[in-house]
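Asks: I'd like to ask some things about the structure below.
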Amino acid sequence: MRNGCVFPLSAIHVVEFSRIKNDQRRRRLGKVMWKFSRGVTTAPLKEIICWELEIAFAKAGYEVKPRTFNYLGNGICHAFGEKRQSPIAAALADEIDEAMLCGTENLPPIQGARSKQQEYFANHLRRLNERKHELEKERWDDWLYALSMADITEPLYEVMSANKIPHADIETWGKEGIKYFLDSIPTRRLDIHLHRQVLKNSQYKPKPTDLEDWAGLGPAMCYADVVVCEKHFADLVSRDRFSAKARIETSIYDIFPEIGSV
């Protein structure tokens, strides 16, 4: 942070970290994560989408006042969209978060079990190329927009209900109106672009880490200044001249060349 750079953690970072089985590896990595992040975390995906929806509805002419939103905040609870359960926990937030990542003298860092969500998402991507033949090619794009809309059903319902927007209104927009609405939402626009690339590549082989890439790196592509990621995802995002907000690099040495010369 001394040179103006912030290296925030996301909920996805913490989840991936917790899956490391070896306590010592987890402890070493946790210390690095804590040293560079200093407890700064990104907003949870649902909160980002709710804010984006409020902006989209306001642009569409509805009387919606978008909430105050900051992409960056503090604490692991912030990353997961949770509140500290007690005043004491809030007062000791930094100490608790550091212990969760780095462990203590008597306790290892947090550890979580591997979930089936990775497998579910990989199967979802795999089925895209299996199911696309059930539709005419001209309708593939409509299908992708429908999938992206279905993916935000819960935040969409919350935002519409909170702002007294009739749920039937969306039906009056028509296909092109819905597409325009989704394209005005940065994370949805990227999600549709990524799905489109998978659909165009019949040989695409989903990876177990695709879920973390799409859910963690996706929002960062829309709201961070710089994202460092694997070439696979960087290439997927940049195809068809898609323009993300973030500068995308595949090596941290391209951002800080002086590190590589040490």
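The values are calculated or read from the model by the stated rules, or taken from the named source; none is laboratory data. Everything numeric in this text was worked out from a predicted model, so none of it was measured. FYI the Cβ positions are ideal-geometry reconstructions off the backbone, even for glycines, and counts take in every protein chain you see.
Asks: For segment 1-19, name all the residues that are closer than 19 Å to Ala215 by Cα and not acidic (Asp, Glu). Before the answer, list the steps.
Replies: Kept after step one, since they are closer than 19 Å to Ala215 by Cα, are these residues of segment 1-19: 7-19.
Phe7, Pro8, Leu9, Ser10, Ala11, Ile12, His13, Val14, Val15, Phe17, Ser18, Arg19 - these are the residues of segment 1-19 that are closer than 19 Å to Ala215 by Cα and not acidic (Asp, Glu).
Residue by residue, here is whether (1) closer than 16 Å to Asp151 by Cα; (2) free of Cβ contacts under 8 Å to residues at least 12 places away in the same chain; (3) in contact with a Phe, Trp or Tyr (Cβ under 7 Å, 6 or more places away or on another chain) holds:
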{"position": "Asp183", "(1), (2), (3)": "yes, yes, no"}
{"position": "Arg188", "(1), (2), (3)": "yes, no, no"}
{"position": "Val198", "(1), (2), (3)": "no, no, yes"}
{"position": "Trp214", "(1), (2), (3)": "yes, no, no"}
{"position": "Val228", "(1), (2), (3)": "no, no, no"}
{"position": "Ala234", "(1), (2), (3)": "no, no, no"}
{"position": "Ala244", "(1), (2), (3)": "no, no, no"}
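Asks: Would you please name the residue that is modelled with the lowest pLDDT, looking only at residues in segment 136-170 that are outside any helix (DSSP H, G or I) and among the aliphatic types (A, V, I, L, M)? Give the steps one after another, and end with the answer.
Replies: Step one: list which residues in segment 136-170 are outside any helix (DSSP H, G or I), which gives 136, 152, 163-168.
If we keep only those that are among the aliphatic types (A, V, I, L, M) too, we end up with 152, 165, 168.
Working: Ile152: 96, Ile165: 97, Ala168: 93.
It comes out as Ala168.
Asks: Something else: Check whether at least one residue in segment 204-219 is at pLDDT 95 or above, buried (at least 17 other Cβ atoms within 10 Å of the Cβ), out of contact with any helix residue (DSSP H, G or I) (no Cβ under 9 Å at 6 or more places or on another chain) and within 20 Å of Ala79 (Cα to Cα), and report yes or no.
Replies: no
Asks: Ok, one more. Out of curiosity, is Glu47 acidic (Asp, Glu), surrounded by 14 or more Cβ atoms within 10 Å (Cβ to Cβ), under 27 Å from Ala150 (Cα atoms) and not assigned by TED's automatic domain parsing to the domain that holds Cys102? Explain how you work it out, then say what you get.
Replies: Values: acidic (Asp, Glu): yes; surrounded by 14 or more Cβ atoms within 10 Å (Cβ to Cβ): yes; under 27 Å from Ala150 (Cα atoms): yes; not assigned by TED's automatic domain parsing to the domain that holds Cys102: yes.
Yes.
Asks: Also, I was wondering about something else. Kindly indicate which of Ser161, Ser251, Ser238 is surrounded by fewer than 19 Cβ atoms within 10 Å (Cβ to Cβ) and either touching a residue at least 12 places away in the same chain (Cβ under 8 Å) or of a type in the set (Phe, Trp, Tyr) (or both).
Replies: On the way: Ser161 fails: either touching a residue at least 12 places away in the same chain (Cβ under 8 Å) or of a type in the set (Phe, Trp, Tyr) (or both); Ser238 fails: either touching a residue at least 12 places away in the same chain (Cβ under 8 Å) or of a type in the set (Phe, Trp, Tyr) (or both).
The unique qualifying residue is Ser251.
Asks: When you go through (1) touching a Phe, Trp or Tyr at 6+ places or on another chain (Cβ under 9 Å); (2) assigned to a strand (DSSP E or B) one by one for Gly73, which number turns out not to apply?
Replies: Exception for Gly73: condition (1).
Asks: Starting from residues that are among the hydrophobic types (A, V, I, L, M, F, W, C), out of contact with any strand residue (DSSP E or B) (no Cβ under 8 Å at 6 or more places or on another chain) and not in a helix (DSSP H, G or I), keep the ones in segment 2-60 and report whichever is nearest to Ile178 (Cα to Cα).
Replies: Per the criteria, the residue is Ala60.
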